[in-house]
Amino acid sequence: QLENVVSLGLDEESDHESRVRFLNRFKDREMFHIDLRHITDRIDHRQFSRELTALAEVVISEAAKLADDSVRSRFGQPTLNDGGLCEWGILALGKLGGIEIGFGSDIELIFLYEAEGETNGPRQIKNSSYFVELVKSFLQTLDARRKGIFEVDLRLRPYGNKGALAPSLDAFRAYYSEGGDARQFERLALVKMRPVFGDSTLLNRAASIRDEFVYSQLPL
């Protein structure tokens, strides 16, 4: 139901800026409604978390589409070296990954793309640059009215704030391999990793890499 409401509303807006404003108004209104039902005891804490998580997934999906549309209009679509389209997706971690969001929870994400290549538009750039622009546009799309409330947090990505805003699948694999640079707390954090948007095949491959890293026989 949330997906239908927000999609219909976005379709009625005429440009990118108005769609961004609509999406944020929708997010804030629905957060208020969910919180109101919680504090008046119409829903329990588990239902509260499930509803906030469902809202977050819808908002993330629509923000990702808006960001992709904006960047693609400038650079074209990212493609692989064999000419095929470069797939991408978003993984949730933390309380979003665990379907246990609270009112003050941030939104912990990892953006991931398939492989290097370049875009097919009149202004060609490398896929790595394309997805940096996409993540930046995504971050500009969602407005956190107060720090820590529905604020996007990308610090659990490989290498944290020193790493690429969106790693490739190979970079993701190398970081979380047995000889990679991932630390033990990152192994624990990935227990809650799950896909929330994007190509299912790519995200399933990332989940397989996670399983080898998290559930190996190596001691913590």
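List of remarks:
- Among the residues of this structure, ILE34 counts as one that is open to solvent by less than 40 Å² (accessible area, probe 1.4 Å), free of Cβ contacts under 8 Å to residues at least 40 places away in the same chain and touching an Asp or Glu at 6+ places or on another chain (Cβ under 6 Å).
- Those residues of the stretch 95-137 which are under 15 Å from ILE60 (Cβ atoms) and assigned to a helix (DSSP H, G or I), in sequence order: LYS95, LEU96, GLY97, LEU134, VAL135, SER137
Residue by residue, here is whether (1) open to solvent by 40 Å² or more (accessible area, probe 1.4 Å); (2) at pLDDT below 95; (3) not in a helix (DSSP H, G or I) holds:
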{"position": "PHE150", "(1), (2), (3)": "no, yes, yes"}
{"position": "ALA164", "(1), (2), (3)": "yes, no, yes"}
{"position": "ASP170", "(1), (2), (3)": "yes, no, no"}
{"position": "ARG173", "(1), (2), (3)": "yes, no, no"}
{"position": "GLU178", "(1), (2), (3)": "yes, yes, yes"}
{"position": "ALA189", "(1), (2), (3)": "no, yes, no"}
{"position": "VAL196", "(1), (2), (3)": "no, no, yes"}
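- The residue list ILE60, ILE90 contains one member that is β-branched (Val, Ile, Thr), assigned to a helix (DSSP H, G or I), touching a strand residue (DSSP E or B) at 6+ places or on another chain (Cβ under 8 Å) and touching a residue at least 24 places away in the same chain (Cβ under 8 Å), which is ILE60.
- Checked against (1) under 22 Å from ILE107 (Cα atoms); (2) open to solvent by 40 Å² or more (accessible area, probe 1.4 Å), LEU218 passes all but condition (1).
- Selection status of GLU17, part of a helix (DSSP H, G or I), open to solvent by less than 100 Å² (accessible area, probe 1.4 Å), modelled with pLDDT of 90 or more and charged (D, E, K, R): no
- Among the residues of the stretch 24-36, at least one is farther than 30 Å from ASP68 by Cα and either in contact with a Leu (Cβ under 7 Å, 6 or more places away or on another chain) or among the acidic types (Asp, Glu) (or both).
- Check on ASP82, at pLDDT below 95, more than 28 Å from GLU30 (Cβ to Cβ) and loosely packed, with under 14 Cβ neighbours inside 10 Å: yes
- Condition met for LEU96 (open to solvent by less than 30 Å² (accessible area, probe 1.4 Å) and either modelled with pLDDT of 95 or more or in contact with a Leu (Cβ under 6 Å, 6 or more places away or on another chain) (or both)): yes
- Being buried (at least 19 other Cβ atoms within 10 Å of the Cβ) and touching a Ser or Thr at 6+ places or on another chain (Cβ under 9 Å) holds for only one residue in PHE131, PHE138, and it is PHE131.
- For the stretch 55-79, the set of residues classified as over 22 Å from GLN1 (Cα atoms) and either open to solvent by less than 30 Å² (accessible area, probe 1.4 Å) or in contact with a Lys or Arg (Cβ under 7 Å, 6 or more places away or on another chain) (or both) consists of ALA67, ASP68, VAL71, ARG74, PHE75, GLY76, PRO78, THR79, listed by residue number.
The values are calculated or read from the model by the stated rules, or taken from the named source; none is laboratory data. Computed from a predicted model, the values in this text were never measured in an experiment. Positions of Cβ are generated from backbone atoms using ideal geometry, with glycine treated the same way; all protein chains shown enter the neighbour counts. Each accessible area value is taken on the protein alone, full model and side chains, heavy atoms only, with ligands, DNA and RNA left out. Shrake-Rupley method; radii C 1.70, N 1.55, O 1.52, S 1.80 Å.
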